[in-house]
Each structure stands twice: as C-alpha cells, then as structure tokens.
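Presented below is the structure to which this report refers.
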Amino acid sequence: MKNFLSGMLFSLLLLLSFIFIRTVAGLWVSFAWSLFITTAVFLFYGRKKKWSGKDIVLISFGTGLFYILFASFGISLVPPEPIRDLGDIVMPYLYAGVFGGCTMIVLVLSGLVINKQR
C-alpha cells in the first residue's frame, strides 16, 4: 500500500509538471520534460530510500496507473478543446494511455538499472 501511495504522489508530480509545461510548450515536449523531471525525482528518491526491485516495479506501475486515472478524470471534467468529431473525444484518452504506459516502462527500466549499479 505504501508503494501505491508513492506512485500516486509521483503521478501527481507528473501531471502537474505536464500541465505547467504545456502552457508554454507543445504536447510531446511537455510529455518529455515532465517525464524527465519525474524520472529524476524518482531516481533521487529511490536512491535515498534504497528500494528493492519489487518496490521499483510496484511504484512504477502505480505511477502509470494513477496518471491514467487522474488524466482521464481531468479530461472528462474539462475537455482540452472543443469537440468537433470523434477524434477530439478519443485522442486525449489515447495520449494519456500512451504516456502512462511510457511512464511505467521508463521508471521500471531506469529504476532497475540504477538499482543494479548500487
């Protein structure tokens, strides 16, 4: 349970950094920078806490899952643009899913590589 709470906090960091960067940059640039910021904080925090491989996988999974949930909730409350066709409804959710999946993969791989170097 503690791992999923950490995952929730990392997903909030990911979402907030994406929202702030999105005001000045494009979609994929915002994705990249928010993922970079979250990965740096994740690795720094993970080194201090000395997580095991299981903890890294659970926290990474929780981060991606909570990101998808928070982003989907936000998209349903406040759509990012006026709805003109089916793509305007589906694409924000698809982007959130892709970014959540990429987040899980990046955090697992980077966490396990750093953990193996310790």
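Annotations
- Cβ pairs under 7 Å, 6+ apart, first in region 35-56 and closer than 23 Å to Ser17 by Cα, second assigned to a helix (DSSP H, G or I) and modelled with pLDDT under 85: Leu43/Ile114; Gly46/Ile114; Arg47/Ile114; Ile56/Gly46; Ile56/Asn115
- Qualifying positions in region 19-34 - open to solvent by 30 Å² or more (accessible area, probe 1.4 Å) and in contact (Cβ under 8 Å) with a residue 40 or more places away in the chain: Leu27
Listed here are the residues, each with its yes/no results for (1) on the phi > 0 side of the Ramachandran plot; (2) under 14 Å from the mean Cα position of the chain (by Cα); (3) open to solvent by less than 40 Å² (accessible area, probe 1.4 Å).
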residue: Ser60; (1), (2), (3): no, yes, yes
residue: Ile83; (1), (2), (3): no, no, no
residue: Asp88; (1), (2), (3): no, no, yes
residue: Phe99; (1), (2), (3): no, yes, yes
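- Flag for Leu16 being farther than 15 Å from Met104 by Cβ, under 12 Å from the mean Cα position of the chain (by Cα) and surrounded by 12 or more Cβ atoms within 10 Å (Cβ to Cβ): yes
The values are calculated or read from the model by the stated rules, or taken from the named source; none is laboratory data. Just so it is clear, the model here is predicted, and its values are computed rather than measured. Positions of Cβ are generated from backbone atoms using ideal geometry, with glycine treated the same way; all protein chains shown enter the neighbour counts. We work out accessible area using only protein heavy atoms, side chains counted, and drop any ligands, DNA or RNA first. Shrake-Rupley method; radii C 1.70, N 1.55, O 1.52, S 1.80 Å.
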